[in-house]
There are 4 protein chains.
Amino acid sequence: MNTSVSFEQQLILLDQRIEKTWADILDNSRLVRAIREGSVSKALYALYMIETFHYTAHNARNQGLVGVRHADNPVYAKFCFEHAAQEVGHEKMALHDVMSLGLKSEVFDMPPALPATEVLIAYLYWISFTGNPLQRLGYSYWAENAYQFITPLITRISEVLALKPAQLTFFIAHSDIDIEHFNEIKLILQRTCKSQADWDAITVVMETSLRLTGNMLEAVYEQYEAWQSGQAPRYDFLHALDQS
Amino acid sequence: MNTSVSFEQQLILLDQRIEKTWADILDNSRLVRAIREGSVSKALYALYMIETFHYTAHNARNQGLVGVRHADNPVYAKFCFEHAAQEVGHEKMALHDVMSLGLKSEVFDMPPALPATEVLIAYLYWISFTGNPLQRLGYSYWAENAYQFITPLITRISEVLALKPAQLTFFIAHSDIDIEHFNEIKLILQRTCKSQADWDAITVVMETSLRLTGNMLEAVYEQYEAWQSGQAPRYDFLHALDQS
Amino acid sequence: MNTSVSFEQQLILLDQRIEKTWADILDNSRLVRAIREGSVSKALYALYMIETFHYTAHNARNQGLVGVRHADNPVYAKFCFEHAAQEVGHEKMALHDVMSLGLKSEVFDMPPALPATEVLIAYLYWISFTGNPLQRLGYSYWAENAYQFITPLITRISEVLALKPAQLTFFIAHSDIDIEHFNEIKLILQRTCKSQADWDAITVVMETSLRLTGNMLEAVYEQYEAWQSGQAPRYDFLHALDQS
Amino acid sequence: MNTSVSFEQQLILLDQRIEKTWADILDNSRLVRAIREGSVSKALYALYMIETFHYTAHNARNQGLVGVRHADNPVYAKFCFEHAAQEVGHEKMALHDVMSLGLKSEVFDMPPALPATEVLIAYLYWISFTGNPLQRLGYSYWAENAYQFITPLITRISEVLALKPAQLTFFIAHSDIDIEHFNEIKLILQRTCKSQADWDAITVVMETSLRLTGNMLEAVYEQYEAWQSGQAPRYDFLHALDQS
């Protein structure tokens with residue numbers, strides 16, 4: 001691969017890699033299968049949204065951290081801080097959606113993030129704190145463009161569980177915001193990526209963070225099975241959703 | 001002091017403390033005296049602007065760091081990231097103004113920050129990284145409201161050195177921006193400061209960071225004296241400004 | 001599980017968890033199978049040792065970081081810093097062993113860590129920087145006691161590849177050091193672990209870091225396959241080991 | 001100054017700079033004058049030891065941080081971690097000595113560090129976290145060799161206040177430890193300092209950290225005056241020492 005690869009061609013290469021990785025995840029995820037087959041329950045969806053709550057709470061922070069490290073590049077640092085400002089507090093939408101499933105009158109401690117989610121969070125801080133300054137854009141590139149893959153699943157969930165829009169604030173807000181964000185991501189890639197080393201670092205972070213997200217989805221399903229067989233006492237409160 | 005002190009009264013207390021501290025600095029600073037007496041030279045002004053360049057380069061970074069630490073408070077974290085985004089790259093204006101004095105054709109390494117400036121920078125990171133989450137607002141409170149104290153000095157400098165507005169981009173930009181910023185600071189103080197402990201922490205950081213800035217001004221003048229007597233070889237390039 | 005579980009019983013629970021996790025890894029690892037079957041090549045072993053070099057280079061650092069965070073607990077902080085001091089530079093033994101395979105006259109850039117190794121490194125920093133102060137002991141607990149699982153594999157490698165002790169400095173040094181270290185780990189666990197929450201955090205970090213190490217082993221084998229089919233140009237220099 | 005300056009000559013230059021800086025501090029410090037004149041009180045000494053407690057609590061941490069940053073230099077990183085291990089918990093000796101003055105039966109909150117002490121602490125973290133890797137040795141160089149300057153003052157304090165050795169654990173322990181430490185500092189300087197840039201960075205940090213310590217001494221005296229005139233309510237508990 002040489003440096004004469006055009007910007008458009010670089011994006012196509014990223015897109016191809018994303019599609020292949022998403023295909024691996026969607027084909028092998030038991031959570032995805034449960035959604036597609038219509039066997040998803042409120043508890044399973046809640047388990048997923050609890051992990052979404054956990055990792056989302058760190059997105060503004062690790063995005064801001066990139067700006068702190070790279071304030072010598074004003075265009076990029078400005079992007080990082082503005083993007084961080086926009087991501088602040090989004091985890092509260094995920095939390096709202098979990099509670100709206102029928103947990104508002106329950107008393108419980110929010111379970112800590114699953115290890116697979118901790119690993120995703122750890123990786124996002126690590127690639128924000130070290131290495132190629134631009135590499136976190138690899139995470140943004142797939143995450144802000146995930147709705148083509150996720151929307152069919154969310155639609156299916158909302159049908160099966162009879163969820164109203166007011167119970168899907170996290171996904172509705174993001175599918176609106178992210179179109180604009182995705183254009184901003186492409187613009188900042190165009191303005192900042194200068195070398196093949198930049199594109200390589202972005203590609204590695206893109207694929208790795210997407211695969212770690214896939215691992216998180218699988219861990220959600222494992223936890224669901226443990227919960228069903230009574231081996232996940234931290235999630236006992238989810239039985240309040242059984243009859244609803 | 002009890003918790004029934006009103007918000008307006010807290011601001012008055014901050015303002016009184018600022019006025020007293022500024023008075024100490026202005027009365028004792030040899031740099032200020034040189035400006036008021038009209039004996040300021042381009043080299044002395046350049047020395048000051050080089051330090052301004054150095055500490056300004058960290059302002060967006062330590063402001064962003066506060067957001068990274070406190071993303072659990074969305075209102076405040078959003079303010080921190082947005083404010084950081086606005087501060088990005090301002091050091092380049094300071095650098096531009098230094099160069100415009102007559103250094104554009106000189107070849108030199110930018111001297112590192114003076115120890116007094118390093119101490120100011122160190123302190124701003126420290127209070128951003130630890131302690132009361134709101135305390136960095138004490139720095140913003142005086143810094144975004146400094147132009148009443150600084151503008152007369154800058155006006156005098158521009159007269160004595162016959163500087164054009166295009167050579168004063170740093171101060172002109174800031175005196176415009178900072179009125180709006182100062183209103184934002186007051187608004188975020190009103191929305192976030194809840195306890196006397198918050199106000200105490202803000203007060204300590206406000207006074208300490210202002211005094212460290214005063215120490216920096218004094219160090220600039222000491223360096224100027226060293227330069228005049230040939231004992232500051234790092235600043236030899238400033239002799240290009242002697243005859244201009 | 002209640003707080004009356006004895007210290008000895010806690011260690012037994014850790015040991016059982018380790019054995020089960022190691023069994024999963026050893027049973028499913030293609031690298032392990034290649035070693036056991038005697039089909040391991042110098043290139044495959046080198047690929048493994050390059051990743052060992054990469055993550056080992058961070059062990060002293062993330063161990064020291066725990067001491068920096070928790071200097072308020074003198075017994076534990078002293079342990080952390082002393083342990084960090086002992087771990088310094090061990091990656092150079094791994095590098096020496098790689099080079100001794102027949103690479104000393106080759107000119108090459110050391111390939112960066114594989115993504116799976118970056119994820120392990122990221123996780124170890126994350127659990128050192130945040131969360132339960134004692135949780136990194138979960139990593140030490142399995143890593144300093146791994147030689148019962150690893151020694152048979154290393155013995156097999158040394159037979160198949162006809163390696164001399166001077167080519168196995170990393171493993172020989174560690175199997176000597178780690179017996180003493182493991183006793184120190186148990187002692188510090190006994191002195192510092194006070195609550196079930198401590199043991200739970202240690203258990204999660206122990207299992208997660210061991211599984212991430214297993215993922216790294218699998219990634220080594222994947223990279224080996226890519227290299228064999230000419231799709232890993234960064235490792236072209238390993239062909240110098242083909243005929244040796 | 002050129003690179004042919006011998007190691008011994010570099011140490012002489014450091015020593016001359018230290019002597020001059022100490023002379024400035026000792027000549028101008030009102031705290032030092034009070035000690036020399038025999039007018040030091042238990043409250044004044046306690047105020048000093050409380051600040052000593054505060055900054056000492058960070059010494060192991062910022063020393064360890066240097067090792068975390070520079071683990072690529074095994075000789076130096078090993079020194080940093082070992083030195084950090086030795087510094088752990090020393091603040092507890094300072095606290096013990098404060099309490100032994102007659103405060104054991106008092107109930108009080110330990111006052112936070114004075115701003116001047118915070119500035120010293122901030123600076124030591126900053127120069128440990130950034131800049132020349134070796135520069136923190138400039139702090140160690142004067143701090144581990146301070147007893148020639150401090151011992152006469154401590155002797156005078158112990159006479160005036162009739163303190164027993166068991167009340168001076170901090171200084172007695174350090175004057176013993178530090179002779180050995182100082183030899184280690186010189187040895188590590190000899191093994192690691194290679195360029196004039198290293199010596200310059202060490203010199204700046206040495207002088208700056210010593211001057212900030214001088215500022216802390218002055219702030220202690222200012223606080224003492226405030227306490228005497230009833231304007232430092234945080235230190236009211238020190239009146240328990242008035243009659244003792």
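The values are calculated or read from the model by the stated rules, or taken from the named source; none is laboratory data. Computed from a predicted structure; not experimentally measured. Every residue, glycine as well, gets a Cβ built from its backbone with ideal geometry; the counts of neighbours run over all protein chains shown. For the accessible areas, the whole protein counts, side chains as well, though only heavy atoms, and no ligand, DNA or RNA atoms are used. Shrake-Rupley method; radii C 1.70, N 1.55, O 1.52, S 1.80 Å.
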Subject >> Estimated dipole of the stretch C:78-201 in Debye, rounded to 20 [Cβ of Lys and Arg +1, of Asp and Glu -1, Cα centre] >> reply: 180
**OP:** Using a Gaussian network model of chain B whose springs link C-alpha atoms within less than 10 Å, name the residue from B:N145, B:N62, B:N73 with the highest mean-square fluctuation.
**Re:** B:N73
Original post:
Quick one: ranking C:F79, B:F108 by accessible area, 1.4 Å probe, largest first, what do you get?
Top reply: B:F108, C:F79
**OP:** Place the label 7 angstrom along Cα→C-beta at D:A162 and in each other copy, then list the distances from the first to the rest in nm, shortest first.
**Re:** 7.6, 8.5, 8.7
**OP:** With a 1.4 Å probe and all protein chains in place, put A:S158, C:S105 in order of accessible area, largest first.
**Re:** C:S105, A:S158
Subject >> Nearest-first distances (nm) between copies at B:R234, label 7 Å from Cα via Cβ >> reply: 3.3, 3.9, 5.1
**OP:** Round to the nearest 10 and give me the degree value, 0 to 90, for the angle of helix D:59-69's Cα axis relative to the longest principal axis of chain D.
**Re:** 20
Original post:
So which lysines can B:K42 reach, going by Cα to Cα under 25 Å and dropping same-chain residues fewer than 8 places off?
Top reply: B:K92, B:K104, B:K164
Subject >> Exposure ranking of A:T21, A:T155 by accessible area [1.4 Å probe, largest first] >> reply: A:T155, A:T21
Subject >> Beta carbon of chain B nearest to the axis of the rotation taking B to C, residue and angstrom distance >> reply: B:F129, 6
Original post:
Please state the relative contact order of chain C as a whole percent: Cα pairs under 8 Å, 6+ residues apart?
Top reply: 34
Original post:
Which ³J(HN,Hα) values in Hz, rounded to whole numbers, follow from the phi angles of the stretch D:97-107 under the Karplus curve 6.51 cos²θ - 1.76 cosθ + 1.60, where θ = phi - 60° and Gly and Pro get x?
Top reply: 5, 4, 5, 5, 5, x, 10, 4, 9, 7, 10
Original post:
Where the only charges are on Cβ atoms (+1 Lys, Arg; -1 Asp, Glu), what is the dipole of chain A about its Cα centre, to the nearest 20 debye?
Top reply: 220
Subject >> Cα-projected label distance for A:R30 with C:S4, points at 7 Å along beta-carbon direction, nm >> reply: 3.6
Subject >> Karplus-derived 3J(HN,Hα), 6.51/-1.76/1.60, for each residue of the stretch B:112-123, Hz, glycine and proline x >> reply: x, 4, 5, x, 4, 6, 4, 5, 4, 4, 4, 5
Subject >> Cα centroid of the stretch A:192-244 to Cα centroid of the stretch B:1-34, whole Å >> reply: 52
**OP:** Determine how large the accessible area of C:M93 is when every protein chain is in place; take a 1.4 Å probe and give Å² rounded to the nearest 10.
**Re:** 50
**OP:** Give me the Debye-computed log₁₀ of I(q)/I(0) at q = 0.17 Å⁻¹ for the stretch B:7-241, equal point scatterers on Cα only, no solvent, two decimals.
**Re:** -1.29
Subject >> Within a Gaussian network of chain D (alpha carbon springs, distance under 10 Å), most fluctuating of D:T151, D:T213, D:T56 >> reply: D:T151
Original post:
Given 4 °C and 1.567 mPa s, how large is the Stokes-Einstein diffusion coefficient of the protein assembly as shown in µm²/s, with Rh as the Kirkwood radius over Cα pairs?
Top reply: 41
**OP:** Ignoring everything but the protein chains, give the 1.4 Å probe accessible area of B:I177 in square angstrom, nearest 10.
**Re:** 50
Original post:
To the nearest 10 square angstrom, what accessible area does B:E180 show with a 1.4 Å probe?
Top reply: 120
**OP:** Over both sides of the A-B contact, add up the buried accessible area with a 1.4 Å probe and give it to the nearest 100 Å².
**Re:** 1500
